[in-house]
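Inspection log for the structure reproduced underneath, given as structure tokens.
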Amino acid sequence: MANVNLIPVLIGADMNCYSMARAFHEAYGVESYAFGRWAMGDTMYSRIVHCTYIENIDTPSVLVDTVTRFAESHADKTCLVLGCTDDYASLLMEIQNDLPKNCIAPYISPALRDTLVSKADFYALCDQYDIPYPRTFCAESALDAAALSEEALGFAYPVIVKPSSSILYWKYPFDGMKKVYTASTPQEAADILAKIYASGYPDKIILQDMIPGDDSYMRVLTAYCDKNGKVKRMCLGHVGLEEHTPKALGNHAAIITEFNEPLMLCLKNFLETIGYTGFANFDIKFDTRDGSYRVFEINLRQGRSNYYVTGAGMNLAELVVKDRVLGEDLGECQLYRGEHFWHSVPRGVVYRYVRNPEFVQKARRLAAEGKESCTFRYTPDLRFNWKRMAYYLVHMQRYYKKFKTYYSK
């Protein structure tokens, strides 16, 4: 274990935060410090990440002040600052040049962020770089059913409805709010648009061709681009199961890594051409109708399920520390080729609810071979830490009820 003069400063308190804290602890034995708006069970009672809660930390001035005061009180350390949600990562891109000299925030510029964070603008880039994505219609205001007919959209119902900017969307909460919606008719689509725009949401709303297939047709790709904008690591995951509660819909719950060189090289070329740096995360779905892999969006940070990469042996904390803190060359780009089974829900839930029998068979084999990881099952944090252990056991057990309620077999 290398000795580094480092403090990880994580903005957020969710599973993404815990995953990165675990990666730092595994690689360097260091404990992380996290700052979020409120307490979350994912990081509660942990020994490896210490959380502080500040109500308005999602505003630029408060975030700058919080990180500055922390960094100044640890002036002898390098503070590596990482956002663990879309809005926190976006804020760090905005304020990265306002932080003290002992802080490193490995992010792209606000200008590039603004192009990528809008799904509508991102799809325009996909056209430019020959990256397949679902057929899409963009609404800029509430529309009546006639304006949302299949002829107007250019594809058939049912359709997916989602905000172009998820960062802005969550700032305008309303009853019945979901991460993603499905509309079976033009009237349903019109009702969803009306409800979202009535909340005050100011950006475009995406209506999209629903690609057939259950959760097991999804893929996730994580990339790390060094300070010179060169892709150094890529790891593709085959998703077997996602969460299905309304506000967590689409969050990955089970992943097996896989190798797909054409897809990986296509996205590598895209990232390097636009000059991307730091972590990038793509949501993708396999379209059986034409054999294509269609990209839904790019997340400008490590994904919530990022431990699927670290658990596979490609430690994300080690990559960013070597590149940004130690100034080491990460060498040639490595595309992960092995197999590893990651899950954030109990194995029993995976085996029961994944609809792809080949995925289940492979997951069972990898678990038997010890090629498996679960984000919260981290012995150094659970051993003799009875509160954390109790949280872990209760949290995992609750998934049986959640899937029984929200996901029919």
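The values are calculated or read from the model by the stated rules, or taken from the named source; none is laboratory data. Please read these numbers as outputs of a predicted model, since none were measured by experiment. Because the Cβ atoms are built from the backbone with ideal geometry, glycine has one as well, and the counts that use them run over all protein chains shown. For accessibility, only protein heavy atoms count, side chains too; no ligands or nucleic acids. Shrake-Rupley method; radii C 1.70, N 1.55, O 1.52, S 1.80 Å.
Rounded, prolate or oblate for the range 121-188? Axes are the square roots of the Cα gyration tensor eigenvalues, ordered a ≥ b ≥ c, and the cut-off for rounded is a/c under 1.5. All intermediate terms of the calculation are to be shown ahead of the outcome.
Working: a/c = 1.98, a/b = 1.11, b/c = 1.79.
Oblate.
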Accessible area (Å², per residue) of the range 46-134, counting only protein heavy atoms and a probe of 1.4 Å:
43
Under the definition of Cα pairs under 8 Å and six or more residues apart, what whole-number percent is the relative contact order of the chain?
16
Please report the accessible area of I7 (heavy atoms, 1.4 Å probe, ligands and nucleic acids excluded) in Å², nearest 10.
10
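Specify, per residue and in Å³, the volume enclosed by the convex hull of the alpha carbon atoms belonging to the range 268-406. Working shown, then result.
Working: hull volume 24.2 nm³, N = 139.
Dividing the Cα hull volume of the range 268-406 by its residues yields 174 Å³.
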Can you tell me what percent of all Cα-Cα pairs in the range 168-219 are more than 12 Å apart?
70
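Pairs to check: K371/K401; K119/K171; K204/K227; K119/K227; K232/K322; K101/K268. Give those whose C-alpha atoms are more than 23 Å from each other in this structure. Walk me through the numbers on the way to the answer.
Working: K371/K401 27 Å; K119/K171 17 Å; K204/K227 32 Å; K119/K227 25 Å; K232/K322 12 Å; K101/K268 31 Å.
The answer is K371/K401; K204/K227; K119/K227; K101/K268.
Taking R0 as 45 Å, what's the FRET efficiency between N102 and K402 from their Cβ-Cβ distance, rounded to 0.05? If you can, show how the numbers build up before the last one.
On the way: r = 42 Å, r/R0 = 0.94.
With R0 = 45 Å, the Cβ-Cβ based efficiency is 0.60.
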Please report the spacing between the Cα centers of the range 1-50 and the range 123-169 in Å, no decimals.
37
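Take peptides 279-285, 168-174, 351-357 and line them up by average Cβ neighbours within 10 Å, highest first, as a rough protection proxy.
Per-residue mean Cβ counts within 10 Å order the peptides as 279-285, 351-357, 168-174.
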Within 10 Å of each candidate Cβ there may be at most 10 other Cβ atoms; applying that plus a DSSP loop requirement, which GluC sites (Glu not before Pro) in the range 36-121 survive?
E55
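Which semi-axes, in whole Å and largest first, does the equivalent ellipsoid of the chain have when worked out from the alpha carbon gyration tensor as the square roots of 5 times its eigenvalues? Please list the in-between numbers first.
Values: eigenvalues 206, 128, 99 Å².
Its equivalent ellipsoid spans semi-axes of 32, 25, 22 Å.
Set the Förster distance to 41 Å, then compute FRET efficiency between W38 and Q187 from the Cβ-Cβ distance, nearest 0.05.
Values: r = 37 Å, r/R0 = 0.91.
Given R0 = 41 Å and the Cβ-Cβ separation, E is 0.65.
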Take the eigenvalues of the Cα gyration tensor for the range 203-271, scale each by 5, and report the square roots as semi-axes in whole Å, largest first.
25, 17, 13
Not counting ligands, DNA or RNA, and with a 1.4 Å probe, what is D226's accessible surface area in Å² rounded to the nearest 10?
10
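Once Rh for the range 47-108 is found with the Kirkwood sum over Cα pairs, what is the Stokes-Einstein diffusion coefficient at 25 °C and 0.890 mPa s, in µm²/s?
Working: Rh = 12.0 Å.
Once the numbers are plugged in, D ends up at 204 µm²/s.
Taking N as the number of residues in the range 93-212, what is its alpha-carbon radius of gyration divided by 2.2 N^0.38 Å? The partial results should precede the final answer.
Numbers: Rg = 16.8 Å, N = 120, 2.2 N^0.38 = 13.6 Å.
Cα-based Rg divided by the globular estimate yields 1.24.
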Each residue of the range 282-298 in order: what ³J(HN,Hα) in whole Hz does its phi give by Karplus 6.51 cos²θ - 1.76 cosθ + 1.60, θ = phi - 60°, with x for Gly and Pro?
10, 9, 9, 9, 7, 9, 5, 5, 9, x, 8, 9, 9, 7, 8, 6, 10
Let me have the relative contact order for the range 246-336, percent, based on Cα pairs under 8 Å that are six or more residues apart.
27
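Residue separation times 0.36 nm, minus the C-alpha to C-alpha distance between S61 and A194: what's the value?
Details: separation 133, 0.36 × 133 = 47.88 nm, distance 3.33 nm.
Going from the current span to full extension adds 44.6 nm.
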Rounded to 10°, Cα long-axis angle of helix 261-274 versus longest principal axis of the chain:
80
Using only Cα atoms and rounding to the nearest 10 degrees, what angle (0 to 90) does helix 357-368 make with the longest principal axis of the chain?
10
